[in-house]
1. Scan segment 14-56 residue by residue and report those that are within 15 Å of R71 (Cβ to Cβ), touching a residue at least 60 places away in the same chain (Cβ under 8 Å) and open to solvent by less than 50 Å² (accessible area, probe 1.4 Å).
2. Which condition number does N27 fail, the rest of (1) in contact with a His (Cβ under 9 Å, 6 or more places away or on another chain); (2) over 20 Å from V2 (Cα atoms); (3) of a type outside the set (A, V, I, L, M, F, W, C) being met?
Amino acid sequence: HVQLAESGGGLVQAGGSLRLSCTASGNIYSINSMAWYRQPPGKQRELVASIISDGTPNYADSVKGRFTISRDSAKNTVLLQGNSLKPEDTAVYYCYVIYRIDVSVRTFASWGQGTQVTVSS
């Protein structure tokens, strides 16, 4: 079983910055991808950014140019740096990891517990 430990949420003023961190621990052979999703109040969960094993990032259009995702493979950690935050970035942010537990191609997925980010106007 893999556990994800998230940190870094909180209250931020519009125009400010945030830095979220997520570390995976447990029975991990390798990590295929790591991602951040968010769920705004009253809305569905949506992809914010993802990064695959070769370091290639992918961003939602709404955060391109403002958010940066990075990973430390040695520490099984993914970071999300957000700048120029807007009130519409307010959401619960979730870490999501796809991983393998052995040399087979079978993959598993885990979600973090979520961390609240509130951007005040």
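The values are calculated or read from the model by the stated rules, or taken from the named source; none is laboratory data. All values reported here derive from a predicted model rather than from experimental measurement. Because the Cβ atoms are built from the backbone with ideal geometry, glycine has one as well, and the counts that use them run over all protein chains shown. Surface areas here come from the heavy atoms of the whole protein model, side chains and all, with no ligands, DNA or RNA. Shrake-Rupley method; radii C 1.70, N 1.55, O 1.52, S 1.80 Å.
1. Residues of segment 14-56 that are within 15 Å of R71 (Cβ to Cβ), as a first pass: 19-25, 28, 30-36, 48-56.
Now drop any that are not touching a residue at least 60 places away in the same chain (Cβ under 8 Å), which leaves 19-20, 22, 24, 28, 30-36.
Correct list: L20, C22, A24, I28, S30, I31, S33, M34, A35, W36.
2. (2)
Results for (1) touching a Pro at 6+ places or on another chain (Cβ under 8 Å); (2) closer than 15 Å to S7 by Cα, shown as yes or no for each residue.
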{"position": "R71", "(1), (2)": "no, yes"}
{"position": "T77", "(1), (2)": "no, yes"}
{"position": "G82", "(1), (2)": "no, yes"}
{"position": "A91", "(1), (2)": "yes, yes"}
{"position": "Y94", "(1), (2)": "no, yes"}
{"position": "I98", "(1), (2)": "no, no"}
{"position": "G114", "(1), (2)": "no, yes"}
{"position": "S120", "(1), (2)": "yes, no"}
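For (1) assigned to a loop (DSSP other than H, G, I, E, B); (2) under 18 Å from W111 (Cα atoms); (3) within 14 Å of the chain's Cα centre (by Cα), each residue gets a yes or a no:
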| residue | (1), (2), (3) |
| --- | --- |
| V12 | no, no, no |
| L20 | no, yes, yes |
| S25 | no, yes, no |
| L47 | no, yes, yes |
| D61 | yes, no, no |
| L79 | no, yes, yes |
